[in-house]
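Below is one structure, written out as structure tokens, with a few remarks after it.
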Amino acid sequence: MNEPTKYRRQAAAVEVHTPTPLAPTAPLAPVQPGTVPAVASVVLPDGRVVTGYAIEPVKPHPAAHKPAVSRTAVNIALGGVGFLAVCGGLLLLATFIAALTALIHQLVILAAVLFGGWVVVLVISAGSHGGGTTVNIRKAVIKRNKFYG
């Protein structure tokens, strides 16, 4: 046998099948999708024919409708929150200033009481001990408004 003829290619026969729709014998009840889809045939570049039903893409379920919030409403709400925050901050600042003023007032009163008490103690203690500077005028010599003791 000849070697090149041994593995000779044989042409493959191409069979094309086209579906034949059946005639309904009984009335059909409506089922999803409601209509019978059309049969489609596609001829490929190499000559083969592909036949089948066209499939519609699956549509997602519509999401629950949410009411849209307008930008104006959001801006007004944020402005109100900001305004309340500023008012609260100013109220706290005013309260802090009032408390600081009261504290300073109390410290001034405390200093005055302590200083006054110290002065009173000095006056009372000076009078009760009989101390102080004693000048003997009889021995003093006064010359031209100068005192020599």
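Descriptive notes on the structure:
- In a fully extended conformation the segment linking L91 and V58 would gain 5.9 nm over its present Cα-Cα distance, using 0.36 nm per residue.
- Extension gain for the segment V113 to V43, taken as residue separation times 0.36 nm less the Cα-Cα distance, is 14.0 nm to one decimal.
We did not get these values from a lab; they are worked out from the coordinates using the rules stated. In this text, all values refer to a predicted model and were calculated from it rather than measured experimentally.
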